[in-house]
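The values are calculated or read from the model by the stated rules, or taken from the named source; none is laboratory data. Computed from a predicted model, the values in this text were never measured in an experiment. Note that we place each Cβ from the backbone using ideal geometry, even for glycine, and neighbour counts take in every protein chain shown. Accessible surface areas use protein heavy atoms only, side chains included; no ligands, DNA or RNA. Shrake-Rupley method; radii C 1.70, N 1.55, O 1.52, S 1.80 Å.
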Amino acid sequence: MHKHAASCLVALLCALVVPRVHAQAGAPRAANPPVPVAMPSAALRDAFDLAGRGLLDDAGLAAYAGQPLAGWLEYAALRSRLDTLPPARGAAFLSRQGRSPAGIAFRNDWLAALARRNEWTAFLAAWDPTIDDAGLRCLNAQARMALGQADAAWTRDLQAVWGGSGTSLPAACDAPFALLAAQGGLPDDLRWARFDLAADAAQPGVMRAIARGMATPDAAALGEQYARYIEAPDASATAWLKDARSRRVAASALASLARKDPDAAERLLAQVGPALGFDEGERGRVLYQVALWTVASYLPDSARRLANVPASAYDASLHEWRVREAIARRDWAGALAGLRRMPAGQRSDSRWTYLEARMRELTGDGAGAKALFAQAATKPDFHGFLAADRLDQPYALCPWLPAAAPAAKQAVARDPALVRALQLVALDRRGWAQREWDDALSRMTDEQRRLAVEVAQDNGWFDRGVFGLVNVGGKRLPEEQRLYLLRFPLHHDATIRREAARQGIDPAWVAAEIRAESVFDPKARSSADARGLMQVVPATGAEVAARLGLPWTGGNDLYDADTNIAIGTAYLRQLMDRYGGKPYQVIAGYNAGPAPLGRWMAQRADMEPDLWIETISYKETREYVARVLSFSTLYDWRLQGDARRVSDRMLGIADGPRKGFACPATDAAPAAPAKPAKPAKPSLRERRRR
């Protein structure tokens, strides 16, 4: 139905093979009260609309001076008339806004407009040397050319742009590069350096363009020959000069061919590799792609081709595929051997710990399996929950509910950049809001950032719990994985419960689908035109609405939360009925569509659900199914305080025993203080966050 990236639930800091546990009871409550932020008025919303249409003049702007979004309103008004805006007016805005998010956004647009207008003096006056966009840097080079400033610094700057990429550069670079070449600033050593990058990236068009400027006809002809080979590799490379560049180009060409035709790439490698003297790295590059694109479709030669890849060429992905391919063939011993070849860090992940336990179980090593299940069961994710089911023990969960002084949260809520971000979200200007959010967080401590996420969710921007925690600014903060109330927001829960009951669907599953698809953003829209909370495409929405007798005026109806949940939940029921009531297959079909699902069901019809999920050939769908099932468990915890067993949930068993949660104790204090969830009776609507 829709392929949507979402963050995976991964391991927490609570890992003991035989844990002591602290039991938890009841659905959780947030530690800090909500803090609302003033939202834009209807008049301001109308003003933004007028500004976007070029109908708001400076007098109209003056009415909103001093408001948080005054800068963005002015940006919107100026952007609509960039091609006629007087340079002094643009310069005045930049002088006021500087490097604020609105100023940066305007500067980039303004520079492009000044270049279109050939107003190069104004362009250089507006230039910011921190800009790293290649297109704008080439426009800067054009400006300096036009003003007679093509000096040594100009040459160095442009050479840096030239050598920074093996892929195509913007058209704005063509004229400066032509002058650079005419002045002798692109000697063959620089050309060959970029040519090699283009060859590595399998970019024959770029290779050809570079080769045309080579100093000698022979060098140009050689570059052209290499470019043609990337496009259509054959045995002709066996006659090439046996040097490093020939090997580099041939290996890149054969690796690229392997993605489309692994059989042909393998045949050519047998001829070209020995003729050019491929080393292990070059052979491994091709054999890796041959194996990967064979095993990704579970073709008959998969095992042989995986075995042919040198150990030095193996990465985490290929290690996974070696195990997965053996499971698909029901070669439990082979899968176990593949698991043992994984690096220790990869093998210790809960997925592979659980699967190693399963392979040991299937090969008769019950004791070894039990120990590994116990290890995996300390992790609060899909495979950890499955392992806990095998051992009939509570699910591991160590929620962290940090409390803060009310004044601290209120201070964060007054941060001007955060206020602007939240108001821009309310105006459905998410790109601008993201700029303000990033600016706000750049000045915050970790505690303030976590409070900013709370404030964002209090005011309806729910995905900040996904994109504002754990991995932030190049830092990984694993303790924040335990901030479940922030990472798994819950909204529209009364509607979720009502529609789930109407369709006989677990409400925790519906909430999990919403978290995976849109992170509770009712305005979400995908590149495939899937819309709203459950990412329903308009054609499906129209069909389901007609069947339900719901009013339907068009695809925009899907942006209404109640309508979207009603249609999405009914569609889940429809898929359940079509696929025999097995949620794990329904979830796969919801993500990948009916054709791939039908193929996977036919290929491994009688495989146990956990192994069937692991052998799904699409990485996105494979991870999506596991993610939704684990999210369902966490939303059960949010809604009820306990959870349906994942092993039952996969199969659609609604009347099985429910599981509690417990936090495995550790010998050392965790990186951040953990507080168990406060007992509370489940309610029809948890505190709504605006």
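Data table
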item	result
In the stretch 450-472, the residues that are buried (at least 21 other Cβ atoms within 10 Å of the Cβ) and outside any loop (DSSP other than H, G, I, E, B)	450, 451, 452, 453, 454, 455, 456, 457, 458, 464, 465
Residue list for the stretch 530-554, filter: open to solvent by less than 40 Å² (accessible area, probe 1.4 Å) and of a type in the set (D, E, K, R)	531
Selection from the stretch 416-439 of residues that are open to solvent by 30 Å² or more (accessible area, probe 1.4 Å) and farther than 26 Å from residue 478 by Cα	416, 420, 426, 428, 429, 430, 431, 432
Of residues in the stretch 555-575 being open to solvent by 20 Å² or more (accessible area, probe 1.4 Å) and more than 14 Å from residue 499 (Cβ to Cβ), the one nearest to the chain's Cα centre (by Cα)	559
Residue satisfying all of: in the stretch 604-637; modelled with pLDDT of 95 or more and among the basic types (Lys, Arg); surrounded by the fewest Cβ atoms within 10 Å (Cβ to Cβ) among these	619
Some residue of the stretch 376-386 being of a type outside the set (A, V, I, L, M, F, W, C) and open to solvent by 40 Å² or more (accessible area, probe 1.4 Å)	no
Selected residue (criterion: farthest from residue 534 (Cα to Cα)) from residues of the stretch 586-603 that are of a type outside the set (Gly, Ala, Ser) and either in contact with a strand residue (DSSP E or B) (Cβ under 8 Å, 6 or more places away or on another chain) or open to solvent by less than 10 Å² (accessible area, probe 1.4 Å) (or both)	600
Residues that are assigned to a helix (DSSP H, G or I) and either surrounded by 19 or more Cβ atoms within 10 Å (Cβ to Cβ) or in contact with a helix residue (DSSP H, G or I) (Cβ under 6 Å, 6 or more places away or on another chain) (or both), drawn from the stretch 80-93	87, 90, 93
Residue selected from the stretch 294-324 under the condition under 26 Å from residue 597 (Cβ atoms) and either in contact (Cβ under 8 Å) with a residue 40 or more places away in the chain or charged (D, E, K, R) (or both), by the criterion least open to solvent (accessible area, probe 1.4 Å)	324
Search result, residues across the stretch 481-521 that are without any contact (Cβ under 8 Å) to a residue 60 or more places away in the chain and either open to solvent by less than 10 Å² (accessible area, probe 1.4 Å) or of a type in the set (S, T, N, Q) (or both)	514, 520
In the stretch 582-607, the residues that are closer than 19 Å to residue 633 by Cβ and not basic (Lys, Arg)	583, 584, 585, 586, 587, 588, 590, 591
Meets criteria (β-branched (Val, Ile, Thr), modelled with pLDDT of 95 or more, assigned to a helix (DSSP H, G or I) and closer than 18 Å to residue 97 by Cα) for residue 412	no
Residue count, the stretch 326-371 (criterion: touching a Ser or Thr at 6+ places or on another chain (Cβ under 8 Å) and open to solvent by less than 30 Å² (accessible area, probe 1.4 Å))	3
Enumeration of residues in the stretch 199-253 that are within 25 Å of residue 169 (Cβ to Cβ), assigned to a helix (DSSP H, G or I) and β-branched (Val, Ile, Thr)	206, 210, 230, 249
Flag if residue 251 is under 36 Å from the mean Cα position of the chain (by Cα), open to solvent by less than 40 Å² (accessible area, probe 1.4 Å) and over 17 Å from residue 205 (Cα atoms)	yes
Of all residues in the stretch 268-277 being surrounded by fewer than 18 Cβ atoms within 10 Å (Cβ to Cβ) and among the aliphatic types (A, V, I, L, M), the one that is nearest to residue 301 (Cα to Cα)	270
Of all residues making up the stretch 39-57, the number that are open to solvent by 70 Å² or more (accessible area, probe 1.4 Å) and in contact (Cβ under 8 Å) with a residue 12 or more places away in the chain	4
Residues of the stretch 397-408 satisfying the condition of being open to solvent by less than 20 Å² (accessible area, probe 1.4 Å) and either of a type outside the set (A, V, I, L, M) or over 11 Å from residue 482 (Cα atoms) (or both)	398, 399, 400
Of the criteria (1) part of a helix (DSSP H, G or I); (2) open to solvent by 50 Å² or more (accessible area, probe 1.4 Å); (3) of a type in the set (D, E, K, R); (4) closer than 30 Å to residue 77 by Cα, which one residue 156 fails	(4)
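Residue-by-condition table, conditions (1) touching a residue at least 24 places away in the same chain (Cβ under 8 Å); (2) in contact with a helix residue (DSSP H, G or I) (Cβ under 7 Å, 6 or more places away or on another chain); (3) within 23 Å of residue 192 (Cβ to Cβ); (4) surrounded by 15 or more Cβ atoms within 10 Å (Cβ to Cβ):
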| residue | (1), (2), (3), (4) |
| --- | --- |
| 224 | no, yes, yes, yes |
| 255 | yes, yes, yes, yes |
| 259 | yes, yes, no, no |
| 262 | yes, yes, no, yes |
| 266 | yes, yes, no, yes |
| 287 | yes, yes, no, yes |
